[in-house]
Structures are given as C-alpha cells and as structure tokens.
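Let me begin by presenting the structure, written as structure tokens, before commenting on it.
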Amino acid sequence: MPKNNNIKSVLIIGSGPIIIGQACEFDYSGSQAIRSLKEEGIEVTLINSNPATIMTDPSLAHNVYLKPLTTKSIIEILQKHPSIDAVLPTMGGQTALNLCIEAEDKGIWEDFNVAIIGVDINAINITEDREQFRKLMLKIGIGQAPSTTANSFLKGKEIAQEYGFPLVIRPSFTLGGFGASIVHTKEDFDELLSRGLEASPIHEVIIDKALLGWKEYELELLRDKNDNVVIICTIENMDPMGIHTGDSITVAPAMTLSDVTFQRMRDMAIKMMRSIGDFAGGCNVQFAVSPDEKEDIIAIEINPRVSRSSALASKATGYPIAKIAAKLALGYHLDELQNQITKTTSALFEPTLDYVIVKIPRWNFDKFEGSDRTIGLQMKSVGEVMGIGRSFQEALHKATQSLEIKRNGLGADGKGYRDYNKIVDKLAHPSWDRVFVIYDAIQMGMSLSKIHDITKIDMWFLKQYEELHALEKEISTYTLDTLQRDLLLEAKQKGYGDRQIAHMLGCLESEVYKKRQELNIKRVYKLVDTCAAEFKAETPYYYSTFENNILKGNEAFAENESVVSNKKKIVVLGSGPNRIGQGIEFDYCCVHGVLAAKECGYETIMINCNPETVSTDFDTADKLYFEPVFWEHIYDIIQHEKPEGVIVQLGGQT
C-alpha cells in the first residue's frame with residue numbers, strides 16, 4: 001500500500017528543553033522525521049521551544065516555530081497554516097505526547113480537521129495510566145508483578161500492609177522515573193509514598209511487589225498499517241531491576257537470554273503492541289526476566305513512541321528507526337521501504353549484529369555538592385556514550401574510555417578503590433562508578449559469587465570482568481621487551497588502551513604504540529551494516545577492532561573495510577557525551593561544521609561516541625567513525641585517513 005496521498009502537510013511536535021529523561025535523542029529523531037517526510041513531498045511544520053537543536057534549523061522544516069509547547073501555540077499555528085492535515089507527536093518524547101492528549105481533550109484536532117498519525121490517543125492513555133495497562137496485560141495473558149493503584153495516602157498504606165516489603169512506587173504520567181522509588185523498610189514508606197503521589201499530575205501511583213534481582217530487557221519494534229511487525233533491537237540491562245534503564249549499563253544484542261525465552265519475549269512484545277491500538281509507528285517494550293532456570297517473563301511497560309532507547313537502537317544497528325517510523329505513519333508498508341544502509345534490502349528485514357555495543361550513562365553529580373549519588377528508579381544521568389566492539393569486553397572498554405572522566409578504561413590506571421569496606425558499600429548502593437568498582441572488587445580478591453550476591457548482576461558479565469583482570473595480571477609479569485605478540489594482540493582485542501598496557505608494563509604509552517607498529521598490530525575498521533555482511537552495505541559507518549593477520553600470498557594481512565579515497569578530507573571531532581555545560585548546542589555546531597566542509601568540496605569525517613546525536617547519524621558526514629573521542633583512537637583514524645586538517649573547536653571542551 002503506498003502512502004496516504006490525502007496527507008500533504010504535517011505538524012511535528014518537538015520535545016522542548018533538555019531535561020533528565022528527555023535529551024537530544026529527540027532532536028535526532030525529529031530531524032530524521034522531518035527529512036523523511038520532506039522526501040515524500042510533504043510540507044513540514046515544526047513547533048519546538050529549544051533553539052539549540054538541529055531540528056529548529058531554518059534549513060530543515062518548511063515552517064519552524066520557536067514557541068512554547070502549549071495548546072495556545074498549536075491553535076496559532078493551525079490558524080496560520082490551515083493546510084496542515086496531520087500531526088506527528090511521536091518524535092518529541094513524553095512532552096509531545098502529553099501536548100497531543102491535551103489538544104485532543106480540548107477538541108483542537110477535530111476543530112481543525114487534523115488527523116493524529118504514528119500513534120492513537122487510546123494507546124497513549126493505556127500506556128500512561130498504569131492501572132489501565134495492568135488490566136490490559138492481564139486480559140491478553142501477559143505476566144505482571146502483583147500491583148495495585150493508589151490515589152490516596154491511606155490506600156497506599158493498605159497496599160503496603162497487603163504486599164509487605166520491598167515495594168516499588170511508580171507515579172502515573174511522569175518522565176524519567178520522576179518520583180519513583182524502591183521501599184525496603186516500613187520506616188521509609190510514608191515519605192516515599194507522599195513523594196510519589198505529589199510527583200504524579202493526577203495524584204496516582206501504582207505500587208508493585210519489587211522484583212529485585214530480576215534481569216531487565218528492552219525491545220524496539222516497528223509496525224506498519226498491514227500489521228507487519230519487526231524487532232529492530234533487543235537490549236539487555238547489565239544492571240538488574242531496580243535501576244532506571246536510562247541509568248543502567250546496557251548491552252546489545254542480549255547476552256544472557258536463552259533462545260526459547262527470547263522467542264517468547266518477541267511474541268509477547270508483538271502481542272502487546274497490537275493490543276494497545278491500531279497504529280503504524282515505533283514502540284519500546286520493557287520486560288523483567290527471573291534469574292532462575294524458569295526465566296519467567298513479566299511486562300514492565302510499553303511506550304508507543306520513539307524513545308531514548310530508539311536512538312541507541314538506531315546507532316547500534318544502523319537501522320534509522322525514526323526515519324522509517326515517519327514513513328510508516330504516512331501509510332507505507334515495511335516491505336515497500338528501502339533499507340537505508342544496504343540500499344538493496346527492504347525495511348522488513350530485521351537487523352543482525354556481528355558485533356556488540358555497550359552503552360554507559362554519564363552523570364554530573366560533581367556539579368551538585370551534597371546530592372544523593374546513588375542510582376535507582378529515578379533517572380539521574382545527563383548523557384550517555386556507546387562503544388562498539390567485536391566482543392563485550394572490547395565494547396565495554398571503549399565505552400569507559402568515551403566517558404571523559406579521566407579514566408583510561410577498566411583498571412590499569414592506578415585510580416581504582418582499595419578500601420574493602422568502601423568497595424562493598426559502593427556495590428551494595430550503586431552509584432555512577434559501579435562499572436569501575438566491580439573491577440576493583442575482583443582486583444581486591446572478592447569472589448564472583450559474593451559480588452553477584454551483592455549486586456545481582458548476571459554471572460556472565462562478572463566472568464567477563466574476571467577475564468580482563470586475569471589478562472592484566474598476566475601482562476604485568478612481563479616487560480615491554482619480553483611481552484609476546486599474542487598477548488599484546490589479545491589485550492588490544494579486549495579493548496585495553498596503549499596507556500593502560502603501558503601502566504601494566506611500567507613504560508610509556510608511545511613505547512607501547514611503537515611496539516604495536518613493529519609487531520604489525522594495527523587497528524582495522526569494520527562496517528555497521530545491519531545484516532552481518534550478508535549483503536553489501538553502501539553506508540560508510542565504521543567502528544574499530546583488532547584482528548589477527550592472515551597470510552595473503554606471502555604477506556600478513558588483516559581486512560580493513562574502511563577504504564580511503566583520494567579526495568581532500570576534513571575530520572570533525574564530536575563533543576562526546578552530554579553533560580552539564582556541554583550539551584546539544586555543540587552537536588549543532590559539529591553538524592554545521594560538517595555541512596560547511598562539504599560545501600567547500602571536502603570529504604567529511606565525523607568522530608563521536610554519543611548515540612543520542614544528529615552528528616552520529618549515518619548520513620550526516622561522508623564517513624562516520626563511532627569511536628571514543630580519546631587520543632589513541634583519534635590518532636589511528638588520522639593515520640588511516642590522512643586528512644588535510646582536524647576541526648576541534650566545534651565539539652566544546654572535549
């Protein structure tokens with residue numbers, strides 16, 4: 001079925017100011033949607049109140065309104081542009097959905113004969129009203145944690161007496177887990193219940209029996225008008241239930257899920273998406289899985305919109321979720337749309353990954369002296385980074401190197417904790433540095449079973465840490481002269497930086513680099529192609545890794561998929577993770593730097609590690625290297641590409 005030709009003009013609602021839980025990922029999705037609709041000859045009108053965004057650039061939408069996100073602004077725009085046929089509210093996060101509901105309640109869409117596309121109002125209401133959602137899940141046979149809705153303090157007390165502790169309190173209609181908490185003891189309950197009720201705009205919370213220690217997963221789905229559904233990405237949280245997904249270290253593809261349970265989860269996700277409404281667009285579904293052999297599955301929530309995880313899934317797979325979701329909203333079917341990466345397969349093909357991605361959040365607690373640094377159900381991170389590698393260990397190291405917190409990766413930099421009691425406390429009360437503390441605990445001799453008992457992190461992840469520590473110990477017994485090639489190659493394949501290896505060997509980083517060159521251990525670049533090399537990819541989106549040489553004739557050879565052209569090149573360094581004082585405005589600068597260099601006839605190369613940004617979209621620069629903005633990685637790319645110059649001033653302090 002081709003697009004709905006009755007739609008000729010679309011209003012897109014942006015996400016407004018950057019807040020915790022709703023950051024620049026919606027600038028990415030909104031920008032993609034605008035370009036996608038313009039490709040179809042649609043007139044695009046945008047309303048957003050954030051000037052530091054790519055989507056509000058005059059060159060993008062036909063009509064841009066920097067106005068407050070209110071129904072009054074909506075009416076003004078619809079009066080000025082009576083040609084608007086439809087509104088797409090799924091690209092602006094919860095802010096856009098809430099405004100869409102408010103306009104619907106006031107009859108604005110009906111008054112101006114504007115259709116809602118990409119979602120329907122019932123789906124928004126069902127997924128935001130936790131009691132409606134719970135009843136629907138039970139009706140369609142999807143497991144739920146024991147839970148009850150409370151609209152008053154007294155009702156909440158009754159529920160607590162019935163369920164016992166620990167409990168989870170989740171306010172309705174909030175963003176980023178605002179007001180949510182885990183209650184371990186009766187003494188804390190009254191205060192946390194009051195906080196939850198106050199946080200909800202409708203004075204409502206749902207109280208769940210806590211599923212502490214259960215594993216958490218997210219699935220990103222797309223659905224068309226013909227009821228075809230594809231699973232774009234399955235993301236596993238390394239942290240168990242009890243930590244907001246925005247504050248959790250996440251991994252794709254899922255690492256510790258059996259195939260049988262994965263297939264059950266897929267079926268459940270598709271069933272859930274179909275049950276909440278008849279609409280074409282994107283959806284994010286979250287599940288909890290019991291850590292025992294039964295692998296029981298319970299649905300946590302479903303978001304009928306492009307989410308924070310959608311941007312991560314897009315960059316992880318190369319599949320442009322927002323771009324395709326916008327076209328589906330126009331009526332296209334998935335099999336009618338082209339895969340933007342391969343240019344030969346359809347959007348109905350589910351992506352396949354032959355690499356691993358790790359996302360680590362970035363916090364800024366240092367800006368708020370005395371603030372509570374523990375992480376839980378309420379999101380506190382202000383940005384995130386993503387590392388891509390051939391193994392979990394390599395991707396984890398690259399992600400930690402991307403954080404820009406003066407750490408060189410996991411271990412091997414002399415900056416770990418050495419106080420046993422402090423390590424135990426930090427494991428028990430997760431904070432911003434738990435990714436490093438796990439390594440410190442192993443280094444101190446703590447058993448994996450004890451770390452698991454404290455953190456409930458799956459043993460598979462802990463064993464990956466243990467292997468890294470064992471490798472560090474082994475390398476530390478050598479000197480630079482006696483270190484064998486196989487051991488140095490293994491360290492590089494597992495993500496250790498030259499600076500870390502130098503720390504182990506007691507030498508200089510430059511000496512390790514020189515040794516690597518002598519032993520022909522060089523970084524090679526691989527394509528993110530959505531299909532694990534089953535089809536040829538046309539889009540130059542790369543990550544680095546290390547491979548053992550194979551003999552080609554008499555010459556040692558490691559395949560490098562990044563082919564260097566003869567054109568004059570300019571590298572633009574991205575701004576890395578968002579943080580307070582360095583946010584989306586620098587991504588705006590980087591994107592415009594790339595566009596300006598293109599206009600001057602240069603081949604443009606972007607280096608960045610932030611999955612939320614427009615600069616890391618696969619079609620912004622001529623070549624994208626999704627790599628840490630970390631000297632070793634930058635230097636190797638420069639050596640490979642040999643650009644005319646590197647633009648450094650657009651990415652902020654980074």
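Please pick out the residue among Tyr513, Tyr541 that is within 30 Å of Leu348 (Cβ to Cβ) and not acidic (Asp, Glu). Even if it seems obvious, please write down each step before you answer.
Working: Tyr513 fails: within 30 Å of Leu348 (Cβ to Cβ).
Among Tyr513, Tyr541, only Tyr541 is within 30 Å of Leu348 (Cβ to Cβ) and not acidic (Asp, Glu).
Scanning segment 577-597 for residues that are more than 12 Å from Asn610 (Cα to Cα) and among the small types (Gly, Ala, Ser) yields Gly581, Gly593, Ala596, Ala597. Filter segment 607-654 for residues that are in contact with a Cys (Cβ under 7 Å, 6 or more places away or on another chain) and not in a loop (DSSP other than H, G, I, E, B); which is modelled with the highest pLDDT? My answer is Phe626.
The residues of segment 63-94 that are assigned to a loop (DSSP other than H, G, I, E, B) and within 22 Å of Gly281 (Cβ to Cβ), listed by number, are Leu69, Ile84, Asp85, Pro89, Thr90, Met91, Gly92. Pairs meeting the criteria (first residue in segment 312-328 and among the β-branched types (Val, Ile, Thr), second residue modelled with pLDDT under 90 and part of a helix (DSSP H, G or I), beta carbons under 6 Å, at least 6 apart or on different chains) are Ile321/Ser310. The residue of segment 232-248 that is farthest from Thr455 (Cα to Cα), among those that are at pLDDT below 95 and of a type in the set (A, V, I, L, M), is Ile232. Can you say whether Ser152 is buried (at least 21 other Cβ atoms within 10 Å of the Cβ) and outside the structural domain of Val289 (by TED's automatic domain parsing), as far as the supplied structure shows? So Ser152 fails the test.
Selection within segment 320-354: residues that are basic (Lys, Arg) and not in a loop (DSSP other than H, G, I, E, B). The member of this set that is farthest from the chain's Cα centre (by Cα) is Lys327.
Residues are listed down the side, and each one gets a yes or a no for (1) at pLDDT 95 or above; (2) within 23 Å of Pro240 (Cα to Cα):
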{"site": "Ser346", "(1), (2)": "no, no"}
{"site": "Thr352", "(1), (2)": "no, no"}
{"site": "Ile357", "(1), (2)": "yes, yes"}
{"site": "Ile360", "(1), (2)": "yes, yes"}
{"site": "Asp366", "(1), (2)": "no, no"}
{"site": "Ser371", "(1), (2)": "no, no"}
{"site": "Thr374", "(1), (2)": "no, yes"}
{"site": "Gln378", "(1), (2)": "no, yes"}
{"site": "Ser381", "(1), (2)": "no, yes"}
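For segment 379-411: of the residues being of a type in the set (Asp, Glu) and not in a helix (DSSP H, G or I), which is nearest to the chain's Cα centre (by Cα)? Among them, the one singled out is Glu384.
Scanning segment 95-111 turns up at least one residue that is assigned to a loop (DSSP other than H, G, I, E, B) and in the same structural domain as Val44 (by TED's automatic domain parsing). Does Gly92 count as within 23 Å of Asn303 (Cβ to Cβ), touching a Phe, Trp or Tyr at 6+ places or on another chain (Cβ under 6 Å) and touching a residue at least 40 places away in the same chain (Cβ under 8 Å)? Yes; evaluated as a whole, the condition is true for this residue. Identify the residue in segment 295-319 that is part of a loop (DSSP other than H, G, I, E, B) and either modelled with pLDDT under 90 or aromatic (Phe, Trp, Tyr) (or both) and, among all such residues, is farthest from Leu11 (Cα to Cα). Step by step, filter segment 295-319, then rank; the result is Gly318.
Within segment 558-574, the set of residues being under 29 Å from the mean Cα position of the chain (by Cα) and of a type in the set (S, T, N, Q) comprises Asn560, Ser562.
Among residues belonging to segment 164-202 that are polar (S, T, N, Q) and within 25 Å of the chain's Cα centre (by Cα), point out the one that is farthest from Gln378 (Cα to Cα).
Step one: list which residues in segment 164-202 are polar (S, T, N, Q), which gives 172, 174, 181, 185, 194, 200.
Next cut, within 25 Å of the chain's Cα centre (by Cα) only: 172, 174, 181.
Working: Ser172: 13, Thr174: 10, Ser181: 7 Å.
Residue satisfying both the conditions and the ranking: Ser172.
Gly143 falls short on exactly one of the conditions (1) under 22 Å from Ser15 (Cβ atoms); (2) surrounded by fewer than 18 Cβ atoms within 10 Å (Cβ to Cβ); (3) under 28 Å from the mean Cα position of the chain (by Cα), and that condition is (1). Here the condition is being within 29 Å of Gln493 (Cα to Cα), touching a strand residue (DSSP E or B) at 6+ places or on another chain (Cβ under 7 Å), acidic (Asp, Glu) and loosely packed, with under 14 Cβ neighbours inside 10 Å; of Glu547, Glu559, Glu627, it holds for Glu559 alone. Contact map, segment 114-138: first residue part of a strand (DSSP E or B), second residue modelled with pLDDT of 85 or more and aliphatic (A, V, I, L, M), Cβ cut-off under 8 Å, separation 6 or more or different chains; pairs are Ala115/Ile7; Ala115/Ala86; Ala115/Val87; Ile116/Ala86; Ile116/Val87.
Within the set Gly246, Gly242, the sole residue that is in a helix (DSSP H, G or I) and closer than 24 Å to Lys380 by Cα turns out to be Gly246. Evaluating Asp267 against the criteria (1) over 22 Å from Gly213 (Cα atoms); (2) touching a helix residue (DSSP H, G or I) at 6+ places or on another chain (Cβ under 9 Å) leaves one unmet condition, (2).
Ile607 - would you say it is crowded, with 23+ Cβ neighbours inside 10 Å, hydrophobic (A, V, I, L, M, F, W, C) and within 15 Å of Ser402 (Cα to Cα)? Full working, then the answer.
Working: crowded, with 23+ Cβ neighbours inside 10 Å: yes; hydrophobic (A, V, I, L, M, F, W, C): yes; within 15 Å of Ser402 (Cα to Cα): yes.
The answer is yes for Ile607.
Against the condition free of Cβ contacts under 8 Å to residues at least 60 places away in the same chain and either surrounded by 14 or more Cβ atoms within 10 Å (Cβ to Cβ) or not assigned by TED's automatic domain parsing to the domain that holds Arg266 (or both), how does Phe178 come out, does it pass?
Working: free of Cβ contacts under 8 Å to residues at least 60 places away in the same chain: no; either surrounded by 14 or more Cβ atoms within 10 Å (Cβ to Cβ) or not assigned by TED's automatic domain parsing to the domain that holds Arg266 (or both): yes.
So Phe178 does not fit the description; no.
Taken as a whole, the condition of being buried (at least 20 other Cβ atoms within 10 Å of the Cβ), at pLDDT below 95 and not assigned by TED's automatic domain parsing to the domain that holds Thr604 does not apply to Leu505. Residues that are in contact (Cβ under 8 Å) with a residue 24 or more places away in the chain, touching a Phe, Trp or Tyr at 6+ places or on another chain (Cβ under 6 Å) and not assigned by TED's automatic domain parsing to the domain that holds Pro171 occur in segment 220-239; there is at least one. Scanning segment 429-464 for residues that are closer than 20 Å to Gly409 by Cα and either of a type in the set (S, T, N, Q) or in contact with a strand residue (DSSP E or B) (Cβ under 7 Å, 6 or more places away or on another chain) (or both) turns up Pro430, Ser431, Val435, Gln443, Gln464. Within segment 261-289, being touching a strand residue (DSSP E or B) at 6+ places or on another chain (Cβ under 8 Å) and of a type in the set (Gly, Ala, Ser) holds for Ala269, Ala280, Gly281, Gly282, Ala288.
With respect to the conditions (1) in a loop (DSSP other than H, G, I, E, B); (2) over 24 Å from Asp622 (Cα atoms); (3) of a type in the set (Val, Ile, Thr), Ile360 falls short on a single one, namely (1).
The values are calculated or read from the model by the stated rules, or taken from the named source; none is laboratory data. Predicted, not measured: the structure shown is a model, and the values here were computed from it. Every residue, glycine among them, receives a Cβ derived from its backbone with ideal geometry; neighbour counts consider all protein chains shown.
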